[in-house]
Each structure stands twice: as C-alpha cells, then as structure tokens.
1. Just wondering, is there one or more residues in region 333-346 that are touching a residue at least 24 places away in the same chain (Cβ under 8 Å) and part of a helix (DSSP H, G or I)?
2. Does region 98-118 include one or more residues that are over 24 Å from the mean Cα position of the chain (by Cα) and closer than 27 Å to Ala326 by Cα?
3. Restricting to region 150-193, what's the tally of residues that are closer than 16 Å to Leu264 by Cβ and among the charged types (D, E, K, R)?
4. Of Gly295, Gly310, Gly247, which residue is on the phi < 0 side of the Ramachandran plot and out of contact with any strand residue (DSSP E or B) (no Cβ under 8 Å at 6 or more places or on another chain)?
5. If I filter region 82-94 for residues that are touching a residue at least 60 places away in the same chain (Cβ under 8 Å), of a type in the set (Lys, Arg), more than 19 Å from Cys209 (Cβ to Cβ) and part of a loop (DSSP other than H, G, I, E, B), do I get at least one hit?
6. Output the residues belonging to region 95-113 that are at pLDDT below 95 and part of a loop (DSSP other than H, G, I, E, B).
7. Within region 258-286, track down each residue that is modelled with pLDDT of 95 or more and either touching a Phe, Trp or Tyr at 6+ places or on another chain (Cβ under 9 Å) or under 13 Å from Arg210 (Cβ atoms) (or both).
8. I'd like the residue in region 130-158 that is in contact with a strand residue (DSSP E or B) (Cβ under 7 Å, 6 or more places away or on another chain) and modelled with pLDDT of 95 or more and, out of all such residues, is nearest to Leu106 (Cα to Cα).
Amino acid sequence: MVAEAEVIHQSLDVQCRVAMEIDEIVDISAAAAAAAVAELGPEAAAVTVDVTVSELELRKSDAILDISVKPLLFVPSIRSGSFADIGHRRYMEDEHIRIDNLSSHLGSLLRCPMPSAFYGVFDGHGGPDAAAYTKKHATRFLFKDANFPRASEADNNFVESVENSVREAFLLADLALAEDSTVSSSSGTTALTAMVFGRILLVANAGDCRAVLCRKGEAVDMSQDHRPINAAERQRVEQSGGFVDDGYLNGILSVTRALGDWDLKMPRGSPSPLIAEPEFRQAMLTEDDEFLIIGCDGIWDVMSSQHAVGVVRRGLRRHDDPERCARELVMEALRLNTVDNLTVIVVCFSDEYGGSSASPCHEPGQQQQQQQQPRTRCCKSLSVEALCNLRSLLDNGGSN
C-alpha cells in the first residue's frame, strides 16, 4: 500500500513529496520531524497533508518524506568505438589508441579523477615508422616519462599540471624519433590526444587531425588544424625562418606541427618552422555533451565538423553503437571521394544514447530550445509515528 502527500512551502517555493513504500525507507525520530516543522516556520500552517492514519496499515518505517531537492552532478559514462581504412592510398600510415578505462589500464602507475579515459590518433607521413613508434610508446611518454600528476580531484591545478605533462610528452616523443635508428628521419606524424578525467575533457593537438564535440547537436571544434593556410601558423612559420609555397610548409609538408620529420627540423636545438608543441583545448562535460569525434584529416578534407556530427548522431539514434558510427563516418568520407587514409574514434558520454536534447539532427541555428527537467532524489525520511506527529503539529499551526 502506498500513501502519498505533497507538502508545499509557499514562501520558499520548495516542493516535498511523501511516499510510503514497504521496505524502502529510513527511519528518523519524531524529534527530527518537529525540527523540520520549526525550520519551515509559521507559514507551515497553510500547508495541507493529505494522509489518513487509517490508511497506514504498515509497520513502522514505511513513509518517505523528501524535504530537499538536490540536482545530481553529471558523471560521464564512457564507451567508444573506432574504425580505420586504407582509403585510396597504397599504404596505411595511420595509428590510433582507444582506452575507455585508463585507471584500470595503467594500474598503480596512475592515480587520477574518475572516470578516466585516453584516446589518440596519429596520422603518419613519409612512411608508417613515426606513427607506429608513437603509438607503441605513447602511454610511457605520457604517464611515466613526463611525470604525469597524481590527484583524485580534477581541479584547476590538476588540469594545468596535466597540460604541462602532455606538452613535455609530445616533445619527448619528438626527440625519441630523432634518436631511434629504426625510424626514418623523413618520417613524421601528426598527433592528437584526448583525455577525460572526471568531467574534464582535455584535447592536445599537433597537426591536422581534429576533435569535435557534439553539444546538443551542435559541433564544437576541440582542436585547430595546423596547416600553412592558417594565418596564425603561417605567421609563426615565417617568423621562424620558414616559408609557405602553394599551401605547403617550405614547399614540402602540408602541416606546420608534427612529431618527427627530422629532415626538416635539423639541426636539433635550433629554431624550426615545424614544431611538435601541441595546442590545448578543454571543456567541462555536462549532460548536453553527447559524444566526441576524433578523426584524421582524410575525414575533414571532405566534410565539415557539423556534417560529421550529423552522421554520427543519426547512427546513434538508429543503433546506439559507436563502433558502427565510426565505420559509417569513414564510409561517408569515401563516398565523398576522400583520397587519404581514414581513422575515426567515436567516444560517447552516456551508457545509452537518448539524444540528451532529443532534437532532430540540424544545422547550426536551427536548434529548438528545450527545458531540462531537474533530477531529484530523496534525502530525508519519516516513520509512521513521526509522520503522525508532523501532521499534529501542522494541524496546530506549528505552535508546539
């Protein structure tokens, strides 16, 4: 048997709900009930309680009174899928990493806010050597050699320390490529990494891979393409003694940041127009953030960020499978006649895709405003005896 009562405190505009269910309550004393009424104040006399004692043919501790409403903080529930294809090239030079549970993967090597995840896409050029080497040693460079910070909370100090550590890791990987005799000095790779720590999403990019966040159906770029046509990059290149010819750095390379390519960076230690230092972007994830797409430039050569978001969003609505979505995005790029290798990672931030805003796929500016219903949970409870005392106090205008 379930009896329900709704208590409305007019001055505070607070709504509390009473629901009695067998075996689902926590008992508190009648004194606590009196304290609750005292807190409400004399206006509680105007409150109505639609509960009769005769209906309470239950044992003690079978009433729940929710006297406070608290929003639940969003915690991402991470799952991902990936797909790679050689495309129309003779050789596959892309590599990628996908770790949905970083803490479990690294064990005692890492102490970090939960949940934790790590993703990387490495788009090689001049042969597969640099990309393959970077993938093989990425976790060592990032989480061991660069003194990755240990913390349980993702505060500003932690995020700043992570950025410094990742920056150091990119530079360490770049130097390691110069020193390893098995890697050709003409081989290089772009590198984009994405990390999730608690609600923090941190993206580091050197090159023209791209990370795109879907926020309520809108594409939010989480990286900048480092190409010679980019005005800021072109200025930096020219100030470093390089030049741009027909859209290529020094007439050779289509990116302005990459790991490796030591034929262009030599001699070591001297300023170079081609650098390995990453740029960072971060976001605080909320329920509006549906998924992240990480893709190599073969995807972005033929479609916009918003187009890619639309493809993945429609796929998730149909089958809720990020692996299939990654494949569908690659197939769409091939349909649009991309000529490059193709690699895509799709990272979802919920267990099940319900379209957190539930609006159809759309172009920017067409999104309808929708109000989110607040999540609530029970925080206090009253026994039958305490509830009867509360009713008596309310009937007497709280004078007791």
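1. There is at least one residue in region 333-346 that is touching a residue at least 24 places away in the same chain (Cβ under 8 Å) and part of a helix (DSSP H, G or I).
2. no
3. 1
4. Only one candidate passes the filter, namely Gly310.
5. No, region 82-94 has no match at all.
6. Leu110, Arg111, Cys112, Pro113
7. Selection gives Leu259, Gly260, Pro273, Ala276, Glu277, Pro278, Glu279, Arg281, Leu285, Thr286.
8. Only one residue tops the list, namely Ala138.
The values are calculated or read from the model by the stated rules, or taken from the named source; none is laboratory data. Note that the structure is predicted; figures quoted are calculated from it, not measured. Cβ sites come from the backbone with ideal geometry, for glycine too, and all protein chains shown count toward neighbours.
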